[in-house]
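The next block holds one structure in the form of structure tokens; read it before the comments.
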Amino acid sequence: MAGVGEGGVADGAGARDPGLAAERTDLAWNRSGLAVVVAVAIMLRRLWPLEGYKSVVALVLIAAGAIAWAGGMRLARRKRPDTRAAAGLGVSTCRMLTVGTLVLAAAGFLLGVFTPG
């Protein structure tokens, strides 16, 4: 049988396609970015009419976290213009995404604790 390897599996069927892994990674980052957008929208909806300094502080934290996340995503896209590249994210990109996530988490926590719901 030509084209059939050991165990009856076709030759190349078990080979990895690095292009698909990169595409799955990009899709996962897109889902993460969408989750951040939804989290920001929910926090802004809860915060919206701005009342007092606590609301302004929370708004600043939300904006800082969103900007850090957007900057991290932009850095990641700029460093990997070809979606099929197998290179991982750089340290600065991961650091920026981590800071953005922590700032958004802090803003969400503060909104949950200090705003009446």
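Where a number appears in this text, it was derived from the coordinates with a stated rule and is not lab data. What you are looking at is a predicted structure, and each value in this text was computed from that prediction instead of being measured. Virtual Cβ from ideal backbone geometry, glycine too; neighbours counted across all protein chains shown.
Applying 0.36 nm per residue to the separation of L44 and V57 and subtracting their alpha-carbon distance, the gain on full extension is 3.5 nm.
Normalised by the number of residues in the stretch 18-114, the mean separation of alpha-carbon contacts (under 8 Å, six or more apart) gives a relative contact order of 40 percent. Overall shape: prolate for the stretch 18-114, with the ratio a/c of the largest to smallest alpha carbon gyration tensor axis at 1.5 or above and a/b above b/c.
For each of T98, T25, count neighbouring Cβ atoms within 10 Å of the residue's Cβ, then give the residues from fewest to most. Walk me through the numbers before you get to the answer.
On the way: T98 12, T25 16.
Result, fewest neighbours first: T98, T25.
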